[in-house]
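> One structure, pasted below without further comment.
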2 protein chains.
Amino acid sequence: MNDPRLNHLLEFVGIPSVSAQSCHAGDMDRCASWLFQLLKTQGLDARIEKTPGHPVVLARSPRDASKRTILIYGHYDVQPAEPLDQWTSPPFEPEIRDGRVFGRGATDNKGQILAHILGVGEALAANALPVNVVFLIEGEEEVGSPHLAAFLESHREELACDAIAISDTGMAADGHPTLSYALRGIAAMEVRVTGPARDLHSGIYGGAVANPATAAARLIASLHDPDGRVAIPGFYNDVQPMEDWEREAAAASPLKDSDIAAQAGVHELAGEAGYSAVERIGARPTAEVNGLGSGYQGEGTKTVLPAEAFFKLTFRLVANQKPSDILAKARRHLEARCPRGVRLEITEGHSGEAFFLDPRSPDGLAAQAALEEVFGKKPALTREGGSIPILTDLQRILGHPALLLALASPDCRAHAPDENFPVANFLAGIRLNRVLMKNLASISVS
Amino acid sequence: MNDPRLNHLLEFVGIPSVSAQSCHAGDMDRCASWLFQLLKTQGLDARIEKTPGHPVVLARSPRDASKRTILIYGHYDVQPAEPLDQWTSPPFEPEIRDGRVFGRGATDNKGQILAHILGVGEALAANALPVNVVFLIEGEEEVGSPHLAAFLESHREELACDAIAISDTGMAADGHPTLSYALRGIAAMEVRVTGPARDLHSGIYGGAVANPATAAARLIASLHDPDGRVAIPGFYNDVQPMEDWEREAAAASPLKDSDIAAQAGVHELAGEAGYSAVERIGARPTAEVNGLGSGYQGEGTKTVLPAEAFFKLTFRLVANQKPSDILAKARRHLEARCPRGVRLEITEGHSGEAFFLDPRSPDGLAAQAALEEVFGKKPALTREGGSIPILTDLQRILGHPALLLALASPDCRAHAPDENFPVANFLAGIRLNRVLMKNLASISVS
């Protein structure tokens with residue numbers, strides 16, 4: 001494989017730009033510089049912008065006021081590669097095997113953002129870029145983008161655009177074009193249930209003193225009704241219901257409930273009555289216990305009546321639920337049901353709104369058409385269960401919901417050993433960028 | 001204080017006979033030898049009997065077939081003294097302050113068993129012991145008496161007796177004579193709730209995969225009804241209800257509900273409707289969570305859907321509940337309610353039956369009369385919430401429920417730093433033994 005485009009990818013993946021690990025601080029700068037150079041060779045006006053954390057790399061095509069401007073977001077930082085002994089080839093010595101590039105960041109996000117860069121570079125070289133393009137490539141996505149919102153605010157004018165495109169999501173099936181049009185939001189809460197002043201002897205006091213572990217369990221049990229619906233009053237008030245076309249899209253998804261069960265390793269699925277698993281994950285909000293603890297957790301028996309218990313909750317939200325509203329309702333629900341003899345301390349954690357882009361919008365249709373043209377199949381329209389808080393920031397600050405065009409294959413092993421990116425997806429991504437830019441260009445500027 | 005009886009106590013407490021700590025193995029033997037010598041000087045025929053663990057010390061008065069035989073049980077081992085820095089005076093350098101002997105084991109159980117030995121010694125010296133006495137003093141009570149049942153079985157004939165007396169329980173109030181006529185039994189169980197093959201991303205799977213933490217909480221919540229009663233079908237079937245005299249005795253106890261709340265450090269008590277806290281603790285069975293855990297328990301948020309959860313339960317039982325029956329009912333209850341999408345693994349732990357001695361029996365009345373004569377007050381009749389498995393063994397193998405004559409003061413700090421035994425209780429204990437032996441002697445041999 002002497003394709004120079006693949007050599008770019010191997011070089012990019014070879015830089016261990018792990019944003020979470022301070023020993024890689026030099027590699028982060030090196031990676032930003034590499035990207036800066038590459039963007040310049042592709043005919044773009046590039047800049048490295050400092051932030052209080054790792055730098056942002058910005059680049060733009062020559063500006064033409066008559067053209068629409070498309071912002072393409074990506075990130076050059078990667079997840080830590082550990083556990084190293086589980087990699088078939090070293091994570092930062094990328095290798096092509098069986099038509100896939102193996103290495104940390106190959107899919108998430110280096111391969112995907114590079115495809116867009118090279119697509120734009122090809123168009124510029126052919127003097128055929130039909131839009132203005134702005135690349136916004138950050139170095140802190142894998143650590144929660146702590147400085148991106150402030151950066152967007154302070155560069156709002158420079159980043160002004162007509163549409164946003166991102167390839168950082170997963171295809172519904174291998175080779176199946178996919179537009180993800182919704183992601184869930186999140187709202188986190190920790191509840192501490194306190195009872196006696198110290199762990200008590202469960203014989204000497206048991207029966208007369210409320211048990212915080214039991215109280216916590218009763219509170220958790222109160223969060224759902226027997227049909228798996230969240231039982232917090234008003235929880236569903238603002239939920240945007242699935243429309244018929246969405247339920248059809250969910251039913252048509254190549255990702256089937258049986259795939260989800262197999263991936264999760266469960267003998268049967270569960271959840272809210274009246275929805276498929278695909279729908280429950282993408283389009284329905286949840287109340288999930290992420291952790292809980294109380295009393296003696298070691299081997300054998302210790303007959304204590306615990307002094308306290310805690311549980312950690314996250315609510316996954318869908319459009320148009322508001323995290324602050326959900327946290328307030330959850331707090332009222334729990335406080336109203338606080339069992340006798342214990343007290344609650346509720347701490348609110350991080351939150352982010354759900355993301356929703358109407359795929360029937362002109363830009364949504366343009367994206368679907370590009371996906372269909374490149375992959376030769378009608379794209380799957382998917383809703384994803386996870387949360388990408390930066391999508392909310394981009395929409396809030398730049399004014400547009402992002403087009404999420406998946407290039408990651410279902411077995412890309414992002415965040416895990418043997419992360420890989422199919423060469424075919426990489427090359428398809430380059431073509432996709434060109435068709436997408438063309439399709440987006442032809443929409444009349446609003 | 002030059003009372004030689006007190007000097008015996010100080011010597012006894014000065015030996016660090018900590019059964020749980022192997023560094024004290026030599027002290028255990030030294031303590032058994034000291035006890036052997038003391039018993040001989042009191043006119044008893046003493047022996048040190050080996051067991052697979054620490055030795056048992058046996059002693060008996062000259063046998064007279066026309067007299068009843070009373071077995072007095074006690075133990076010479078003590079709890080570890082840690083944390084040492086919280087003792088006012090060193091735990092194994094006993095000191096008398098404010099009319100109390102301070103030192104590890106002063107109350108539990110050296111002071112109490114020594115009072116009985118010296119009482120019998122006095123009677124023998126005066127040629128006035130009206131019964132045969134057998135002392136059974138073990139060295140493994142604080143580590144769960146692992147070899148006592150086998151010892152009782154193999155020495156059944158030698159230990160044959162007409163009644164059993166033990167002073168190893170607490171007085172209902174300082175200086176208030178107390179006969180504990182019931183203790184709760186116990187049955188332990190651990191439940192593991194398994195779901196997905198590994199911790200999952202709570203965004204990517206949440207809503208479609210059953211959460212084992214939520215499932216565990218729902219199972220725990222199902223153990224009680226809203227009135228605090230255990231909701232396991234048939235749980236109360238065999239419970240011996242409180243009789244009127246018992247409810248009167250509970251109401252008359254100097255230990256009030258407000259004392260229990262203050263000791264536990266809770267702002268309000270809780271528990272089964274229709275009973276006082278004293279009754280709930282002594283006379284009503286419970287289902288108590290001793291520990292539970294699932295998912296992420298560290299700082300902050302980790303958005304996992306946990307692969308599993310566990311909880312540890314102990315049931316406190318009252319007469320005439322059978323541990324095996326309760327465990328079977330609990331298992332059926334949990335298995336029948338196992339939420340969809342998870343599986344249960346239930347492991348049964350240790351168990352022991354409840355203890356009950358009718359205080360209106362001839363021996364019970366003799367014990368009450370002795371307590372009243374020595375302390376000058378009508379004794380409190382109490383039921384205790386804890387469990388002493390050896391009581392069941394003694395009753396099963398030797399055929400009699402034990403008379404539990406409390407000598408420990410409520411602030412004796414057994415198992416804690418600054419353990420102490422009031423000199424007054426020690427001297428009262430010696431007198432109590434003499435009166436008790438006299439009262440028990442006069443009951444016609446059955």
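All of the numbers you see were taken from the coordinates with simple rules; none came from a lab. Since this is a predicted model, take the numbers as computed values, not measurements. Glycine gets a Cβ as well: all are built from the backbone with ideal geometry, and neighbour counts include every protein chain shown.
> What fraction, in whole percent, of alpha-carbon pairs in chain B exceed 39 Å separation?
In whole percent, the share of Cα-Cα pairs in chain B beyond 39 Å is 28.
> Please sort A:20-33, B:209-222 by packing, taking for each peptide the average over its residues of neighbouring beta carbons within 10 angstrom, highest first. The partial results should precede the final answer.
Numbers: A:20-33: 16.4, B:209-222: 26.7.
The peptides rank, most packed first, as B:209-222, A:20-33.
> Set the Förster distance to 30 Å, then compute FRET efficiency between residue B:66 and residue B:377 from the Cβ-Cβ distance, nearest 0.05.
FRET efficiency, residue B:66 to residue B:377: 0.35.
> Let me ask something else. Given the alpha-carbon gyration tensor of segment A:175-324, what are the semi-axes of its equivalent ellipsoid in whole angstrom, ordered largest first, with each equal to the square root of 5 times an eigenvalue?
Rounded to whole Å, the semi-axes are 39, 18, 13.
> Summarise the partner chain shielding of A:336-342 as one whole number: the mean count of Cβ atoms from other chains within 10 Å of each residue's Cβ.
Mean shielding count: 3.
> Residues of A:253-265, mean number of Cβ from any other protein chain within 10 Å of their own Cβ, rounded to a whole number?
Counting other chains' Cβ atoms within 10 Å and averaging over A:253-265 gives 3.
> Using the crude model of +1 on Lys and Arg Cβ and -1 on Asp and Glu Cβ, and no other charge, please compute the dipole size for chain A relative to its Cα centre, in debye to 20.
760 debye
> Next question, about the same structure. Put +1 on the Cβ of each Lys and Arg and -1 on the Cβ of each Asp and Glu in the protein assembly as shown; which of B:83, A:46, B:336 then has its Cα farthest toward the positive end of the dipole?
B:336
> Separate question: Exposed loop GluC sites (Glu not before Pro) only (DSSP loop, at most 14 other Cβ atoms within 10 Å): please give the longest stretch of chain B free of them, not including the sites.
Free of exposed loop sites, the longest segment is B:1-156.
> Another question, if that's okay. What pairs in B:50/B:438; B:40/B:377; B:40/B:110; B:67/B:322 have C-alpha atoms more than 27 Å from each other?
Result: B:50/B:438; B:40/B:377; B:67/B:322 exceed 27 Å.
> What's the FRET efficiency of residue A:95 with residue A:192 using the Cβ-Cβ distance as r and R₀ = 41 Å, to the nearest 0.05?
Calculated value: 0.25.
> Sticking with this one: Starting from the Cα of residue A:360, step 7 Å along the direction of its Cβ; do the same at residue A:160; then give the gap between the two resulting points in nm.
Rounded to a tenth, the inter-label distance reads 3.2 nm.
> Hey, another quick one. Put +1 on the Cβ of each Lys and Arg and -1 on the Cβ of each Asp and Glu in segment A:121-228; which of A:175, A:133, A:207 then has its Cα farthest toward the positive end of the dipole?
Farthest towards the positive end: A:207.
> In addition: Determine the shape class of segment A:274-349: with a ≥ b ≥ c the square roots of the Cα gyration tensor eigenvalues, call it rounded for a/c under 1.5, and otherwise prolate if a/b is greater than b/c, oblate otherwise.
Details: a/c = 3.00, a/b = 1.66, b/c = 1.81.
It is oblate, given that a/c is not under 1.5 and a/b is not larger than b/c.
> Ordered shortest first, which distances in nm separate the 7 Å Cα→C-beta label point of residue A:20 from those of the other copies?
From this label point to the equivalent ones elsewhere in the assembly: 3.9 nm.
> Using a basic spin-label model with each label point 7 Å from the Cα along Cα→Cβ, how many nm lie between residue A:320 and residue B:238?
Spacing of the two 7 Å Cα→Cβ label points: 6.2 nm.
> If you don't mind, there's one more thing I want to ask. Can you give the angle from 0 to 90° between the axis of helix B:212-221 and the longest principal axis of chain B, with both taken from C-alpha atoms, to the nearest 10?
50 degrees
> To continue, here is another question. What gaps in nm, shortest first, separate residue B:97 from its twins in the other copies when you place the label 7 Å past Cα toward the beta carbon?
7.1
> Looking only at A:245, A:87, A:34, which one moves most when chain A is put into a Gaussian network model with springs between Cα atoms under 10 Å?
A:245
> Quick check: residue separation of residue B:259 and residue B:201 times 0.36 nm, minus the Cα distance between them. What number comes out in nm?
Contour length minus the Cα-Cα distance gives 16.1 nm.
> I've got another one for you. Under a Cβ-only charge scheme (Lys and Arg +1, Asp and Glu -1), can you give me the dipole magnitude of segment A:306-446 about the Cα centre, in debye to the nearest 20?
380 debye
> Which shape class applies to segment A:1-99: rounded if a/c is under 1.5, otherwise prolate when a/b exceeds b/c and oblate if not, where a ≥ b ≥ c are the square roots of the Cα gyration tensor eigenvalues?
Taking the square roots of the gyration eigenvalues as a ≥ b ≥ c, segment A:1-99 is oblate.
> Of the beta bridges DSSP finds with both residues in chain A, what % are antiparallel, to the nearest 5?
The answer is about 70 percent antiparallel.
> Shifting gears a bit: Where is the GNM fluctuation largest for chain A (alpha-carbon springs, 10 angstrom cutoff): A:251, A:370, A:262?
It is A:262.
> Copy-to-copy spacing for residue A:3, label 7 Å out on the Cα-to-C-beta vector, in nm, shortest first?
Label-point distances to the other copies, shortest first: 9.8 nm.
> Next question, about the same structure. I want to check the label-to-label distance for residue B:126 and residue B:7. Put each point 7 Å from Cα in the C-beta direction and report it in nm to one decimal.
A separation of 2.2 nm, rounded to one decimal place.
> Here's something else I'd like to know. Separation of segment A:1-43 and segment A:208-232 by C-alpha centroid, Å?
The two parts, judged by their Cα centres, are 50 Å apart.
> With both partners inside the protein assembly as shown, how many of the DSSP beta bridges are antiparallel, as a percent to the nearest 5?
70 percent
> Pull out the extension gain between residue A:40 and residue A:338, defined as 0.36 nm times the separation in residues minus the alpha carbon to alpha carbon distance; nm, one decimal.
Using 0.36 nm per residue and subtracting the Cα-Cα distance, I get 101.2 nm.
> Continuing with the same structure: Quick one: net charge of residue A:237's neighbours, Cβ under 15 Å, K/R +1, D/E -1?
Working: positive: A:229, A:284, A:322, A:329, A:332; negative: A:238, A:325.
Its environment carries a net charge of +3.
> Also: If the elastic network links every pair of Cα atoms under 10 Å, which of A:64, A:393, A:108 fluctuates the most in the Gaussian network model of chain A?
Judging by the Gaussian network model, the answer is A:64.
> Sticking to Cα atoms, compute the Rg of segment B:262-304 to one decimal and its Dmax as the biggest Cα-Cα distance, whole number, in Å.
Radius of gyration, then largest Cα-Cα span, for segment B:262-304: 16.6, 44 Å.
> Can I ask one more? Residues of segment A:415-438 with backbone nitrogen within less than 16 Å of a virtual label 7 Å along the Cα-to-Cβ line of residue A:174, please, listed as ranges.
A:419-426
> Residue farthest toward the positive end of the dipole of segment A:248-319, with Cβ of Lys/Arg at +1 and Asp/Glu at -1: which of A:285, A:295, A:249?
So the residue furthest toward the plus end is A:295.
> Count, for each residue of B:295-307, the Cβ atoms from other chains sitting within 10 Å of its Cβ, then give me the mean as a whole number.
The mean count of partner-chain Cβ atoms within 10 Å per residue comes to 6.
> Around residue A:430, under 15 Å between beta carbons, what's the net of Lys plus Arg minus Asp minus Glu among the other residues?
Surrounding charge for residue A:430 is +2.
> Still on this model: Sort out for me the Cα centre separation of segment A:372-394 from segment B:315-357, rounded to whole Å.
50 Å
> So if each residue of separation counts as 0.36 nm, and I subtract the Cα-Cα distance between residue B:267 and residue B:49, what length gain in nm does that give?
Working: separation 218, 0.36 × 218 = 78.48 nm, distance 4.97 nm.
Stretched fully, the residue B:267-residue B:49 segment lengthens by 73.5 nm.
> Only Lys, Arg, Asp and Glu count, each charged at its Cβ (+1, +1, -1, -1), so figure out the dipole size of segment A:188-267 about its Cα centre, rounded to 20 debye. The partial results should precede the final answer.
Values: 6 positive and 11 negative charges, 133 e Å.
Magnitude of the dipole: close to 640 debye.
> Let me ask something additional. How do the peptides A:167-173, A:374-380, A:312-318 rank, highest first, by the average count of neighbouring beta carbon atoms within 10 Å per residue?
The peptides rank, most packed first, as A:312-318, A:167-173, A:374-380.
> Separate question: Could you work out how far helix A:25-41 tilts from the main Cα principal axis of chain A, as a 0 to 90 degree angle to the nearest 10?
Once rounded, one gets 30 degrees.
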